[in-house]
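Worksheet: one structure, shown below.
No lab work stands behind these numbers, since they all come straight from the coordinates. Since the model is a prediction, treat every value here as computed from it, not as a measurement. Cβ: placed from backbone, ideal geometry, glycine included. Neighbour counts: every protein chain shown.
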Amino acid sequence: MRSGMKPVNSISKFTRRNVRLGLLAAGLLAMTFHASLSTWGQVPDVVSHPYVLDTGLVSRSISFENPTGAPGEGGKAASHLGPGRKGAPARTIQPGEEVQLCDIEGPGTIRHIWMTTARDPRTQRACILRAWWDGQEYPSIECPIGDFFGFAHGKIMPYHSAVHSVGPTGGRNIWIPMPFTKRARITFRNDGEKPVPLYYQITYTLGDNHPQDVGRLHVLFRRENPTTMKKDFELLPRRNQKGRFLGTVIGVRNLHPERWWGEGELKVYMDGDEEWPTICGTGSEDYVGLAWGIQQTPFFYNGCSLAQKNFVSMYRWHLVDPIMWRHHARITIQQIAWEKDKGLVETEDDWCCATFWYEPIPSEPLPPLPSVEERCKDIWED
């Protein structure tokens with residue numbers, strides 16, 4: 001800092017200008033993203049053709065104000081202001097309690113989920129979202145709410161991407177289409193030690209024309225604290241049928257501040273690959289579209305929403321550059337660092353991920369979810 005200069009505010013004029021430019025760019029990119037939705041099995045394509053009215057679809061929404069989504073059943077609960085006057089906007093979820101958010105008969109598509117709850121880091125990791133598609137006995141989505149909605153380490157950071165938007169006080173959104181042919185069921189579980197408030201809304205359509213083998217959204221959470229030396233961290237353990245990798249939210253806690261942690265390369269093994277992958281990256285920050293270290297710069301399809309105090313939360317979405325396979329796939333990222341006077345070195349750090357992909361039902365069970373203690377240990381502290 002030059003002599004006589006005052007420290008800049010946390011939101012400087014430069015930052016505000018960049019935010020405005022970023023929002024404009026995101027809007028232009030959104031047009032491309034929305035146009036690509038027609039390739040995701042959304043029939044009819046209501047996103048890029050908003051003027052088509054005779055779609056055969058009906059619009060529904062579920063919240064505590066209308067827990068079934070049934071026509072004409074919303075907002076009937078009473079407050080002290082009277083019937084229908086904000087009588088059931090939220091519920092308090094007790095420790096160990098699991099509440100059903102929706103149980104929908106299809107065919108249909110969940111189009112958007114909004115949620116907010118307590119804002120402390122532990123709640124973001126202790127509370128779990130699960131989803132079951134089309135009667136499968138085990139969930140296809142099992143993920144802490146913070147990571148599911150786009151941020152690692154329990155640290156709420158305001159940003160938006162092609163998949164998520166997060167407000168500074170923890171209002172969070174996910175925009176990925178979630179198709180189902182017969183049934184969609186989603187739950188919220190509080191594995192924490194204190195009651196938490198829960199507000200949510202699930203918006204969906206009914207009557208979608210999905211084939212039986214349409215890809216259902218799968219999301220898993222993994223954490224290794226620490227990782228194992230010379231063993232690549234798995235973003236996606238092997239899946240054994242056709243599928244499409246959408247992307248991942250990655251959290252890194254650097255356990256060696258004297259080293260640059262991010263020299264590991266992404267590896268995508270698919271359709272016959274065993275020892276060597278078909279797709280190979282060039283470095284960890286390179287994979288999320290950045291370079292020469294990590295910068296707190298969130299973009300539409302890629303970027304980093306947190307780079308503070310040795311904590312990093314970054315993401316990459318393969319929406320316009322799809323990664324698809326026909327028979328099997330496995331995706332990893334190496335644990336390689338750079339150290340002064342040594343160059344490349346093997347390393348171990350604290351890594352986690354929330355990985356998103358589509359595959360048909362029936363699908364194999366997800367790997368076991370880490371315990372609440374494993375999920376919450378060494379996360380961000382406000």
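Which of the listed residues, 290, 269, 219, is farthest toward the dipole's positive end in the chain, when Lys, Arg count +1 and Asp, Glu count -1 at the beta-carbon?
After comparing all options, I get 290.
The stretch 48-136: D in µm²/s via Stokes-Einstein (Kirkwood Rh, Cα pairs, 4 °C, 1.567 mPa s)?
Details: Rh = 16.1 Å.
The estimated diffusion coefficient comes to 81 µm²/s.
I'd like the projected area of the stretch 233-366, averaged over all directions, using the convex hull of its alpha carbons. Report it in nm² with one decimal. It would help to have the intermediate numbers written out before the result.
Numbers: hull surface 33.6 nm².
Over every viewing direction, the Cα hull of the stretch 233-366 projects on average to 8.4 nm².
Taking square-rooted eigenvalues a ≥ b ≥ c of the alpha carbon gyration tensor, is the stretch 183-285 rounded, prolate or oblate, where a/c under 1.5 means rounded and, failing that, a/b exceeding b/c means prolate? Show your work: numbers first, answer last.
On the way: a/c = 2.69, a/b = 1.26, b/c = 2.13.
Oblate is the answer for the stretch 183-285, as a/c is 1.5 or above yet b/c matches or exceeds a/b.
Quick one: check the C-alpha center-to-center distance for the stretch 174-245 versus the stretch 71-111, whole angstrom.
Spelled out, the Cα-based centre of one part sits 22 Å from the other.
Taking N as the number of residues in the stretch 82-195, what is its Cα Rg relative to 2.2 N^0.38 Å?
Numbers: Rg = 14.7 Å, N = 114, 2.2 N^0.38 = 13.3 Å.
So the stretch 82-195 has a normalised radius of gyration of 1.10.
Using a cut-off of 26 Å between alpha-carbon atoms, which lysines can reach residue 76, once sequence neighbours fewer than 8 places away in the same chain are excluded?
Within the straight-line cut-off, residue 76 pairs with 86.
With charges set only on the Cβ (+1 for Lys and Arg, -1 for Asp and Glu), what does the dipole of the chain come to about its Cα centre, in debye to the nearest 20?
Values: 43 positive and 43 negative charges, 305 e Å.
So the magnitude is around 1460 debye.
Projected onto the charge dipole of the chain (+1 at Lys/Arg Cβ, -1 at Asp/Glu Cβ, origin at the Cα centre), which of 312, 132, 51 gives the Cα projection farthest towards the positive end?
Positive-end residue among those listed: 51.
Roughly speaking, what is the stretch gain from residue 194 to residue 341, that is 0.36 nm per residue apart minus the C-alpha to C-alpha distance, in nm to one decimal? Show your work: numbers first, answer last.
Details: separation 147, 0.36 × 147 = 52.92 nm, distance 4.83 nm.
Gain on extension, residue 194 to residue 341, equals 48.1 nm.
Run lengths n ≥ 4 of DSSP H only: what is the helix-derived mean residue ellipticity at 222 nm for the chain, with -39500 (n - 2.57) per run over all residues, to the nearest 500? Before the final figure, lay out each step's value.
Values: 5 runs with 43 residues, N = 382.
Estimated from H runs of four or more residues: -3000 deg cm²/dmol.
How do the peptides 199-207, 319-327, 152-160, 183-191 rank, highest first, by the average count of neighbouring beta carbon atoms within 10 Å per residue? Don't skip to the answer; put the middle values down first.
Details: 199-207: 18.4, 319-327: 14.6, 152-160: 22.8, 183-191: 20.3.
Descending packing order for the listed peptides: 152-160, 183-191, 199-207, 319-327.
Using the Cβ atoms and a cut-off under 10 Å, what net charge is assigned to the surroundings of residue 350, where Lys and Arg are +1 and Asp and Glu are -1? All intermediate terms of the calculation are to be shown ahead of the outcome.
On the way: positive: 223, 253, 377; negative: 224, 348, 349, 378.
Net charge around residue 350: -1.
Within the stretch 207-272, report the trypsin sites (Lys or Arg not before Pro) that DSSP leaves as loop and that have at most 14 other Cβ atoms within 10 Å. It would help to have the intermediate numbers written out before the result.
Details: sites: 216, 222, 223, 230, 231, 238, 239, 242, 244, 253, 259, 267; in loops: 230, 231, 242.
Listed in order of number, the matching sites are 230, 231.
Measure up 309/377; 340/377; 231/342; 155/342 against 25 Å on the Cα-Cα distance and list the ones that go over.
Working: 309/377 16 Å; 340/377 30 Å; 231/342 20 Å; 155/342 33 Å.
Pairs exceeding 25 Å: 340/377; 155/342.
Taking residue 242 as the anchor, which aspartates and glutamates have their alpha carbon closer than 14 Å to its alpha carbon, excluding any fewer than eight residues away along the same chain?
The qualifying aspartates and glutamates are 213, 271, 359, 364.
If you take the Cα Rg of the stretch 95-147 and divide it by 2.2 N^0.38 Å, with N the number of residues, what do you get? Provide the component values of the computation, followed by the final result.
Numbers: Rg = 12.7 Å, N = 53, 2.2 N^0.38 = 9.9 Å.
After normalising by residue count via 2.2 N^0.38 Å, the value is 1.27.
Counting only Cα, what are the radius of gyration and maximum Cα-Cα distance Dmax of the stretch 168-224, in Å?
Just the Cα atoms of the stretch 168-224 yield Rg and Dmax of 15.2, 43 Å.
Quick one: putting +1 on the C-beta of Lys and Arg, -1 on the C-beta of Asp and Glu, what dipole do you get for the stretch 77-176 around its Cα centre, in Debye to the nearest 20?
620 debye
Across bins of 20 angstrom width beginning at 0, how are the C-alpha pair distances of the chain distributed, in whole percent?
27, 58, 14, 1
If you place +1 on the Cβ of every Lys and Arg, -1 on the Cβ of every Asp and Glu, and leave all else neutral, what size is the dipole of the stretch 226-382 about its Cα centre, to the nearest 20 Debye?
Numbers: 17 positive and 25 negative charges, 84 e Å.
Charge dipole of the stretch 226-382: 400 debye, to the nearest 20.
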